[in-house]
Amino acid sequence: MGKRVLMIVNPRAGRMKIRNTLYGAIEKLCSAGYEPTVVMTQYDGHAAELAGRAKAYDTVICTGGDGTLNQVINGIIKSAAECPIGYIPLGSTNDFAGSLGIPNNVDSAIDIILNGRATKLDVARFNSRYFLDTAMFGAFSRASYDTSQDRKNQLGFLAYILEGIRDLPSIRTFKMEVQVDDEDVSGDYMLCAISNSNTLGGIIPLDKSRVDIKDGQFELIMAARPQNAIELRNMIRALRLKNFACEGIVFRSGAKIDIRCSDSEPWTIDGEKEIWDGYAQIQVIPGAVNFILPDGQNDAKIKPEIIDAKEDKSDRK
């Protein structure tokens with residue numbers, strides 16, 4: 001008997017191009033000795049429900065965007081399944097797939113699933129929800145979940161930028177109590193992001209040498225509110241250039257992050273809205289999922305020393 005594969009497909013992801021290539025993907029799997037069961041998601045949260053059946057399969061393949069992958073990861077972890085996960089990234093930004101070296105070409109992604117190697121990757125738990133990629137709060141974060149799927153399909157990465165710009169005239173500051181492992185980095189911030197990827201939400205790039213998807217730590221970036229347009233421009237430029245020593249930016253790596261905030265505006269977790277009550281505990285779970293990666297993506301990266309731009313918070317009201 002061939003290997004049993006559960007293929008979970010979000011038919012609306014990536015301009016719905018999977019409709020034109022799904023048959024070829026299935027044919028390739030069958031020719032390699034797999035026995036695929038293909039299920040299309042029908043509603044929000046359906047991918048997590050389907051992934052809850054993972055124990056009955058040898059491999060699970062997620063076909064969709066970062067949000068679909070997030071649901072699949074949650075379903076697999078909560079079902080206690082240990083089968084490897086293959087990914088065919090067809091979303092708007094495919095943020096995490098880019099970090100892993102997985103292309104958004106269906107045929108190439110299938111080749112990786114067939115010829116790659118299962119590797120244990122870290123996952124973070126945000127209260128009761130798991131995520132692989134990024135959790136964001138504050139400025140620009142709502143752009144991911146407020147942008148319609150049709151608009152994402154039409155504009156891709158540009159959609160996030162266009163929607164995020166709408167926040168600029170009314171950027172808010174959030175008073176946050178933040179503990180990273182044993183260090184207090186509390187303050188007033190307009191943006192808080194926790195990531196295990198090379199970019200934050202497909203918008204802010206991170207230096208690849210500073211991100212290790214298997215080191216038991218996630219990266220935390222927080223940005224204070226700029227006092228004028230010049231400071232805002234300088235901060236955006238610094239973030240785009242990966243200059244985390246810029247005034248007003250805090251960069252840390254940690255395995256446990258506790259956050260309290262009197263404002264319970266939703267977070268964005270792997271591109272989807274997450275409601276909270278003003279308190280979040282983010283705990284990294286090392287090697288929580290078995291992910292199929294291309295050869296050459298399994299070597300640990302060198303971890304740099306922690307960088308922080310010390311700031312006088314007394315100036316920031």
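Where a number appears in this text, it was derived from the coordinates with a stated rule and is not lab data. Quick caveat: nothing in here was measured; it's all calculated off a predicted structure. For neighbour counting, all protein chains shown are included, and Cβ atoms are generated from backbone atoms with ideal geometry for every residue, glycine included.
What the table below lists for this structure:
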| quantity | calculated |
| --- | --- |
| Span from the the stretch 87-107 Cα centroid across to the the stretch 56-74 one, whole angstrom | 13 Å |
| Burial ordering of R53, R252, fewest other beta-carbon atoms within 10 Å first | R53, R252 |
| Likely footprinting exposure, C83, C62, fewest C-beta neighbours within 10 Å first | C83, C62 |
| In Å, descending, principal axis extents of the Cα set of the stretch 3-115 | 30, 30, 27 |
| Neighbour-count order for W267, W276, fewest beta carbons within 10 angstrom listed first | W276, W267 |
| Entries of K3/K256; K120/K242; K3/K120; K3/K273; K78/K175 with Cα pairs more than 30 Å apart | K3/K256; K3/K273; K78/K175 |
| Amide H contacts of M7 (H built 1.01 Å from N, under 5 Å, at least 5 apart or other chain) | T37, V38, V39, I61 |
| Where chymotrypsin sites (Phe, Trp or Tyr not before Pro) fall in DSSP loop in the stretch 1-108, at most 15 other Cβ within 10 Å | Y43 |
| Sorted peptide list for 214-224, 283-293, criterion being average Cβ within 10 angstrom, highest first | 214-224, 283-293 |
